[in-house]
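Report on the structure given below.
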Amino acid sequence: MSTLTLAARALVGLLLCTGVALATPRMSLTAGTPCTACHVNPNGAEGRTEVGFVAMHRVGMLTWDKLGAQAYHDIDSNAFLDGMVGVGVDFRTQTARLGRPELVDEGGKSTTQVPDYTTFPMQAQPYLYVIPTGGLTLYGTWLMGPDTLRDGKFCDPVFKGMSCFGAQAMYELGGTLPNVRVGVFQPGIGVRHDDHTILTRGDAADRRVPIIAPGYAEAGGEVAWQPRQWVRTEVGVFNTHNLDLALNDGTKTADLWPVAWQGRVTLQPLFEFGGAEKKPKVEDEFGDDFGAADAAPVTPFVLNTWLGASGYGSGDFRLVNAFLGLGIHEGLALLSEVSMSQRTTQHDTLNGMVALSYTPWAWIAGTLRAERASTSTDTSDITTWQYVATLEFFPLPGIELRPEYRLVQTDDYRFGQATLQVHLFY
Amino acid sequence: MSHTLDRRSLLKLLGCGGCAVALPTLSGCTIAEVFGGGSATVPFDLAQAQFAGLKNVGGTAAVDAAGRNLILIRTNATGIVALSRICTHTACDMATDRFGTFDGQKLICRCHDSHFAPTGAVLKGPATRDLASYQVNFDAATGTGTVQIGDGAPPVEEVRPTIPDEYANLSNPFAADDADAIAAGEALYARNACGSCHGDTGGGDGPSGMSQDPKPSAFAADQSAWSDGYLFWRIRTGSASGPTGSTMPVYGTRSISDDDTWRIVSYLRSLQP
């Protein structure tokens, strides 16, 4: 692969991935594959394309063919009708101690009590995409809540500002012209991580109501323009219904306009060091390439980088994010992000995170992450720290086990616990 | 054959080795520490702005002291209770300016709609653990009081519901030895499945009551603390009528007429030893 091709592939991928979650930003930073190769949503995450389906369907410590299920292993698409309609689903459960430690006074003695472990559904989300004609993609998803599974309630957002569905139409104008998206989707705000507790989007003063909720989405439109491979810009206008719920349905207050503005610029240069093309073949008189066996290519050292910033605001509310990522093909990725929000009624936040990931094989990856969130109000300054050690383990394709150890420290308490996430996806 | 350790192999070695050492160490331990704990006697005065909400029945005030986050609730003219205001489901703060609502009968967590009685008992999930409650000494005449928290704090006294005035002076129209009323009451007790919680013979030991907190009342016991009006009231309005936090359902006049309710009271009285 030429340097130019490699760079182009990685750059496009990285550019497209910074908006929302990737199942893991580490995947993009290390592999350099574009999110749109695997996910229908331009910002990554959620429904998978045919390429994404195959990528996940063949990755696991054990694969289906090794277990004798060759026919299932050979399925190579999640799409029907000649690729026009595709489906997918994510289902997750979490086992954790919900809540926080408390001092309890019983029998005249004070003890620290922690919640019992409980297992609960975390995500049940089907996807559907339709590609009726070239350049146009229609995409929809439904994010169920606990009451959806219990009582059949269609919409049951767990967090203030969470949207129980997403629906968007994406149109590529072609060439170097911008792409256009309209519908209900999450505006491009910093990096969307695959962890709903991430403090960069949270509020140290009110951890139950993140500034940007998991599954946050608004009705609106976005224009994305990528005039060069190393730069991408996005601007958008969105409704503020769910933002209003998140900011004004708690103690936080913000004077919002009916619409919010959004913008993001991402620079993603790729640096390549060393390396050499494969040695020229040495053929004998019969055309046998006897020299190729010991003519191993020298792998170049490729450093993928992200550098970007986004702004999101309405009325007196402003949210600014900046992020930096470094990744190499050997599986190491370093990601950091800073997020700052302000509103006229003093409730300022300054949050940040840094994560180091290592992916020795595609079916297992480890991440260490440190986060800090601080909130200043008229009456208080509150700081929360969170440290997370995560192992993403794929024993079989379509099955992820994610054991974690989380340590949270607030001004009131310190709480560390092991948790387990089980993720089934198609 | 080359034995050179390339970059990828070195990283695998370091990464996997680190995980192998770290994960077993991390996965086994829960760390839980609440800062600023200890004991305290927290005074409050309704004349202070922080506690002004307690001037009215149904009003609340939030207090943070000695590592506890409490909510004080004025339950009646003379009573104030103190509970932890951290919901036992996902730790939402149930201060009324955050995610809590007290509707006069129960404390509601607006995060996921858990309900708690003024005793702290869970009335409705998803929360499954009761809220911690704390001893309150309140003098309604002066509008002052204290909350005791921490080591050495006295146990919380049992909260008894205060019977509303409209029920307080009621008396059973049937005589205590009216055999017909008692027999009819027994039939009504069985027909309405009272025994499923209170036990077939009123021992408070029905199968559905085994897991309840508080336990169903036992009638085959001393009932001297209960007036006729009290029993009538508890049947008529159920758990919503008092701070016991029990799951006693409401048997309104559509379910059981006033006379039949009194017949049940007659039967309950007959169960006393």
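The values are calculated or read from the model by the stated rules, or taken from the named source; none is laboratory data. All values derive from a computational prediction rather than experimental measurement. A quick note on method: Cβ atoms are made from the backbone with ideal geometry, for glycine too, and the neighbour counts reach across all protein chains shown.
I'm trying to understand the selection: among the residues of segment A:361-374, which are away from chain B (no Cβ under 12 Å), over 18 Å from A:Val209 (Cα atoms) and not aliphatic (A, V, I, L, M)?
Taking segment A:361-374 first, the residues away from chain B (no Cβ under 12 Å) are A:362-363, A:369-374.
Applying the additional criterion that residues be over 18 Å from A:Val209 (Cα atoms) yields A:362-363, A:369-370.
Across segment A:361-374, the qualifying residues are A:Trp363, A:Arg369.
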*asked:* Between B:Thr142, B:Thr146, B:Thr88, which is closer than 25 Å to A:Asp147 by Cβ and hydroxyl-bearing (Ser, Thr, Tyr)?
replied: B:Thr88
*Could you tell me which residue of segment B:134-149 is nearest to the chain's Cα centre (by Cα), considering only residues that are touching a residue at least 12 places away in the same chain (Cβ under 8 Å) and part of a loop (DSSP other than H, G, I, E, B)?*
B:Ala140
*Do we find a residue being crowded, with 16+ Cβ neighbours inside 10 Å, within 21 Å of the chain's Cα centre (by Cα), of a type in the set (Phe, Trp, Tyr) and within 18 Å of A:Ser28 (Cα to Cα) anywhere in segment A:398-406?*
no
_Options A:Val130, A:Val184; residue that is modelled with pLDDT of 90 or more, surrounded by fewer than 21 Cβ atoms within 10 Å (Cβ to Cβ) and under 24 Å from A:Leu247 (Cα atoms)_ = A:Val184
*Among residues of segment A:88-147, those that are within 14 Å of chain B (Cβ to nearest Cβ), touching a residue at least 60 places away in the same chain (Cβ under 8 Å) and not in a strand (DSSP E or B), counted*: 3
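From the list A:Thr383, A:Thr377, A:Thr410, which one is surrounded by fewer than 20 Cβ atoms within 10 Å (Cβ to Cβ), facing chain B (nearest Cβ under 10 Å) and in contact with a strand residue (DSSP E or B) (Cβ under 6 Å, 6 or more places away or on another chain)? Before the answer, list the steps.
Working: A:Thr383 fails: facing chain B (nearest Cβ under 10 Å); A:Thr377 fails: facing chain B (nearest Cβ under 10 Å).
Answer to the selection: A:Thr410.
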*Are any residues in segment B:162-213 of a type in the set (Val, Ile, Thr) and modelled with pLDDT of 90 or more, and if so, which ones?*
B:Ile182
_Single residue of A:Val223, A:Val302, A:Val298 found to be of a type in the set (A, V, I, L, M, F, W, C), more than 30 Å from A:Leu350 (Cα to Cα) and at pLDDT 85 or above_ = A:Val302
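Suppose the filter is surrounded by 19 or more Cβ atoms within 10 Å (Cβ to Cβ), within 13 Å of another protein chain (Cβ to nearest Cβ) and over 24 Å from B:Asn56 (Cα atoms); does B:Cys109 pass it?
Numbers: surrounded by 19 or more Cβ atoms within 10 Å (Cβ to Cβ): yes; within 13 Å of another protein chain (Cβ to nearest Cβ): yes; over 24 Å from B:Asn56 (Cα atoms): no.
In short, no.
Tell me whether segment A:63-70 contains one or more residues that are at pLDDT below 80, in contact with a strand residue (DSSP E or B) (Cβ under 9 Å, 6 or more places away or on another chain) and of a type outside the set (Phe, Trp, Tyr).
We begin by selecting, within segment A:63-70, every residue at pLDDT below 80; these are none.
No.
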_Just the residues that are acidic (Asp, Glu) and either assigned to a strand (DSSP E or B) or in contact with a helix residue (DSSP H, G or I) (Cβ under 6 Å, 6 or more places away or on another chain) (or both), please, taken from segment B:69-109._
B:Asp93
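Criterion first (within 23 Å of the chain's Cα centre (by Cα), within 22 Å of B:Asp139 (Cβ to Cβ) and modelled with pLDDT of 80 or more) does B:Ile73 satisfy it? Steps first, answer last, please.
Values: within 23 Å of the chain's Cα centre (by Cα): yes; within 22 Å of B:Asp139 (Cβ to Cβ): yes; modelled with pLDDT of 80 or more: yes.
Against the criterion (within 23 Å of the chain's Cα centre (by Cα), within 22 Å of B:Asp139 (Cβ to Cβ) and modelled with pLDDT of 80 or more), B:Ile73 qualifies.
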*asked:* Could you tell me how many of the residues in segment B:70-106 are among the charged types (D, E, K, R), more than 9 Å from chain A (Cβ to nearest Cβ) and in contact with a strand residue (DSSP E or B) (Cβ under 7 Å, 6 or more places away or on another chain)?
replied: 3
_Pairs where the first residue, in segment A:49-65, is touching a residue at least 12 places away in the same chain (Cβ under 8 Å) and the second is part of a loop (DSSP other than H, G, I, E, B) and surrounded by fewer than 16 Cβ atoms within 10 Å (Cβ to Cβ), C-beta under 6 Å, 6+ apart_ = A:Glu50/A:Ser77; A:Val54/A:Asp76
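If you take the residues in segment A:345-374 that are among the aromatic types (Phe, Trp, Tyr) and in a strand (DSSP E or B), which one is surrounded by the most Cβ atoms within 10 Å (Cβ to Cβ)? Write out each step before concluding.
Of the residues in segment A:345-374, the ones among the aromatic types (Phe, Trp, Tyr) are A:358, A:361, A:363.
The next check asks that each one be in a strand (DSSP E or B); those that pass are A:358, A:361.
Numbers: A:Tyr358: 22, A:Trp361: 12.
Among them, the one singled out is A:Tyr358.
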*What pairs can you find where one residue is in segment B:112-133 and more than 9 Å from chain A (Cβ to nearest Cβ), the other is of a type in the set (Phe, Trp, Tyr) and surrounded by 19 or more Cβ atoms within 10 Å (Cβ to Cβ), and their Cβ atoms are less than 7 Å apart, with a gap of 6+ or different chains?*
B:Val122/B:Phe116; B:Leu123/B:Phe116; B:Leu131/B:Phe116
*strands (runs of 3 or more DSSP E) contained entirely in segment A:196-279, each with at least 2 residues that are within 22 Å of A:Gly166 (Cα to Cα)*: A:218-228, A:231-239, A:259-267
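Can A:Ile212 be described as in contact (Cβ under 8 Å) with a residue 60 or more places away in the chain, out of contact with any Leu (no Cβ under 8 Å at 6 or more places or on another chain) and under 30 Å from B:Thr90 (Cα atoms)?
no
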